[in-house]
1. Could you pull out every residue, at least 5 positions away or on a different chain, whose amide H is within less than 5 Å of the one on residue 290? Hs are placed 1.01 Å off N in the peptide plane, and Pro or chain starts have none.
2. Where in the stretch 257-282 is the amide nitrogen less than 16 Å from a point lying 7 Å along the Cα-to-Cβ axis of residue 197?
3. Can you tell me, using C-alpha contacts under 8 Å and at least 6 residues apart, the relative contact order of the chain as a whole percent?
4. Taking θ as phi - 60°, what are the ³J(HN,Hα) couplings along the stretch 164-170 by the Karplus curve (6.51, -1.76, 1.60), each to the nearest whole Hz, with x for Gly and Pro?
5. Just to verify a number: FRET efficiency for residue 174 and residue 114, C-beta to C-beta distance, R0 = 56 Å, to 0.05?
6. Pop out the carbon and sulfur fraction of the accessible area of the chain as a percent, whole number, probe 1.4 Å.
7. Counting only complete DSSP H runs, which helices of the chain cover 18 Å or more along their long axis at the Cα atoms and score a mean Kyte-Doolittle of -1.0 or above?
8. Leaving out ligands and nucleic acids, and using a 1.4 Å probe, what accessible area per residue does the chain come to in Å²?
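The values are calculated or read from the model by the stated rules, or taken from the named source; none is laboratory data. Predicted model, so just to flag it, every value in this text is computed and none were measured. With ideal geometry, Cβ positions are generated from the backbone for all residues, glycine too; neighbour counts draw on all protein chains shown. When the accessible area is computed, the model is the full protein with side chains, heavy atoms only, and any ligands, DNA or RNA have been set aside. Shrake-Rupley method; radii C 1.70, N 1.55, O 1.52, S 1.80 Å.
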Amino acid sequence: MPLSYFWSMSTVVAISPDARKRVRTRVLRYTTTFLGPALVATALFAHGIWCWAFPLYAFVLVPLLELMNHPDHGSLSEEEEQAALDDPLFDRLLYAVVPVQWTVLVLFLFQVGEPGLGAWDLAGRIASMGMLCGIHGINVAHELGHRATRLERNMARALLLTSLYMHFIIEHNRGHHKRVATPDDPASARYGESIYVFWLRSILFGFRSAWRIEAERLRRAGRSPLGFRNEMVQGLCLQGALLITIGVVFGITTLFAFLIAATIGILLLETVNYIEHYGLRRKISGQGGYKRVQHFHSWNSDHLVGRAMLFELTRHSDHHWKASRKYQILQGHIDAPQLPTGYPGMMVLSLVPPLFFRVVHPHLARMARQHADLELAA
């Protein structure tokens, strides 16, 4: 079987059949993320402990698995990277999340108000849906929101709508990536800042920042910031229409259940933000601005289970190095700050600030000694 070739970076890269086979096998690991929607769907039709299957899987089983297994810092070869970019299955998995997320949401709206449902089962169903809003509704939207095509960015907005967080694509792409690891970035946690203070600061100031970014874009284009061309206005209208529809069709109780689920999704996203850049800050350059973002300005985890569940979000340093890199080719960087365990485990640990600080601060001190361009974000 002859080799296939294509152009990349002005050089011809040969992709062998073995490389294609290895990459096609690799794509299978990301299908495990669909265990989440399956467990949520199960919770919506089950009772008892099954209503809590997804939270137990994500925040008990996965952290235990990641504690027992060593991280994998390996990266794809150049040949494998090109094969991964050439394989449409990686993108199709992301696209499949959109109808799956909306299907599960509709099931949730029908089932969460089941007559006679106990408080424990109700809480489990809401928590499960909320986690899916964060893991698929926002995290996959994060990946699609960085893509070049309008269709993919609209898919991102459709997912963000399920979490009532449509301004995220504005603030993250045009705000966070410019200001990350600086005091100007609401989504970069400061040294010694608890998760609970960070939630409030990041949510409120992130929303305000998105308004300012979008208003400035429209002013530069000579348009009114309050017109319907404002993506913030569009997002708020769509979110309002969704809430009104849910309230009218399913009732106030279901509406409140959805609002709680969306809030859980938002808090999950902000908890990820917290652990991704906690305590890391860029230094001021000689020209007065901040030095360029480096790999040591983001926390990473190369634990395989969390990487697959979150579409490689945990390889965050490489994402900030080049935001346009697709998830399947993000590289591991051993010189970047490495979390002691995966994202799910660290998210749980962050809820107990004294323990989180005790675990993370020694790592921060070592990183600050190793990298002259890194300081602690006090």
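1. 285
2. 274-275, 278-280
3. 21 percent
4. 3J(HN,Hα) across the stretch 164-170, in whole Hz: 6, 9, 5, 6, 4, 5, 6.
5. The pair residue 174/residue 114 has a calculated efficiency of 0.85.
6. Percent of accessible area from carbon and sulfur atoms in the chain: 65.
7. Helices meeting the criterion: 89-111, 119-132, 195-220, 231-250, 252-277, 353-370.
8. With the other protein chains kept in place, the chain gives 45 Å² per residue.
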